[in-house]
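Enquirer: Okay, here's the structure, questions in a sec.
The values are calculated or read from the model by the stated rules, or taken from the named source; none is laboratory data. In this text, all values refer to a predicted model and were calculated from it rather than measured experimentally. Positions of Cβ are backbone-derived with ideal geometry, glycine not excepted, and every protein chain shown enters the neighbour counts.
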Amino acid sequence: MSDCIFCHIVSGNIPSNKVYEDDDVLAFHDLHPAAPTHVLIIPKKHIASLSEFPVEEEALAGKLLLRIQQIAKELGLQEEGYRVVNNMGELGGQTVHHIHFHLLGGRSLMWPPG
Ligand code: 5GP
Ligand code: ZN
């Protein structure tokens, strides 16, 4: 997707502060962190949102979840705890239309969110 900011991050056209990368998954620090640790985990393949995640990509969906687990552990968040968020669509607050999971940690997080 030529107009997708996260596809440009995957291709390296836009720089990012990477924390993890493999053939299918990329994780990088959020530009505007909402917590001491705020990492975005994305599939390299362009998928617009959770609602549009193809059912035939079940293995990729599972891989993303387990990479989040691994990255949280590597960043030292496991003991204190952390939050994983996906914003979907307008009311969900999604602003970048390439699916991403926010991994937030390092402070006490309010629930429910605003
Ligand atoms: P959303 O609101 O779609 O769930 O989250 C999009 C996130 O992407 C926001 O937290 C925002 O700060 C982050 N973001 C937007 N543009 C960039 C960028 O160019 N680089 C990085 N690292 N993060 C970005
Ligand atoms: Zn994209």
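Enquirer: Checking the conditions here, which among VAL19, VAL25 is buried (at least 17 other Cβ atoms within 10 Å of the Cβ), under 14 Å from LEU104 (Cβ atoms) and at pLDDT 95 or above? It would help to see each step written out before you state the result.
Expert: On the way: VAL25 fails: under 14 Å from LEU104 (Cβ atoms).
Result of the check over VAL19, VAL25: VAL19.
Enquirer: May I pose another question? Going by the structure shown, is LEU31 free of Cβ contacts under 8 Å to residues at least 12 places away in the same chain, part of a helix (DSSP H, G or I) and within 25 Å of SER108 (Cβ to Cβ)? Even if it seems obvious, please write down each step before you answer.
Expert: Numbers: free of Cβ contacts under 8 Å to residues at least 12 places away in the same chain: yes; part of a helix (DSSP H, G or I): no; within 25 Å of SER108 (Cβ to Cβ): yes.
Against the criterion (free of Cβ contacts under 8 Å to residues at least 12 places away in the same chain, part of a helix (DSSP H, G or I) and within 25 Å of SER108 (Cβ to Cβ)), LEU31 does not qualify.
Enquirer: A further question follows. How many of the residues making up the stretch 35-47 are part of a loop (DSSP other than H, G, I, E, B), surrounded by 13 or more Cβ atoms within 10 Å (Cβ to Cβ) and away from ligand 2 (no atom under 16 Å from the Cβ)? Before you say what the answer is, go through the steps one by one.
Expert: Filtering the stretch 35-47 for residues part of a loop (DSSP other than H, G, I, E, B) gives 35-36, 44-47.
With surrounded by 13 or more Cβ atoms within 10 Å (Cβ to Cβ) added as a condition, the list becomes 35, 44-47.
From what is left, the residues that are away from ligand 2 (no atom under 16 Å from the Cβ) are 35.
Summing the residues that are part of a loop (DSSP other than H, G, I, E, B), surrounded by 13 or more Cβ atoms within 10 Å (Cβ to Cβ) and away from ligand 2 (no atom under 16 Å from the Cβ) in the stretch 35-47 gives 1.
Enquirer: Here's a follow-up. Six or more apart or on different chains, Cβ under 8 Å: which pairs go from a residue in the stretch 5-28 that's within 10 Å of ligand 1 (Cβ to nearest atom) to one that's aliphatic (A, V, I, L, M) and in a helix (DSSP H, G or I)? Could you list them?
Expert: Pairs that qualify, where the first residue is within 10 Å of ligand 1 (Cβ to nearest atom) and the partner is aliphatic (A, V, I, L, M) and in a helix (DSSP H, G or I), are ILE14/ILE5; PRO15/ILE9; SER16/ILE9; PHE28/ILE9.
Enquirer: Among the residues of the stretch 51-77, write down those that are part of a loop (DSSP other than H, G, I, E, B), under 17 Å from HIS38 (Cβ atoms) and over 15 Å from the mean Cα position of the chain (by Cα).
Expert: Of the residues in the stretch 51-77, the ones part of a loop (DSSP other than H, G, I, E, B) are 53-54, 75-77.
Next, only the ones that are under 17 Å from HIS38 (Cβ atoms) stay: 75-77.
Those that are part of a loop (DSSP other than H, G, I, E, B), under 17 Å from HIS38 (Cβ atoms) and over 15 Å from the mean Cα position of the chain (by Cα): GLY76, LEU77.
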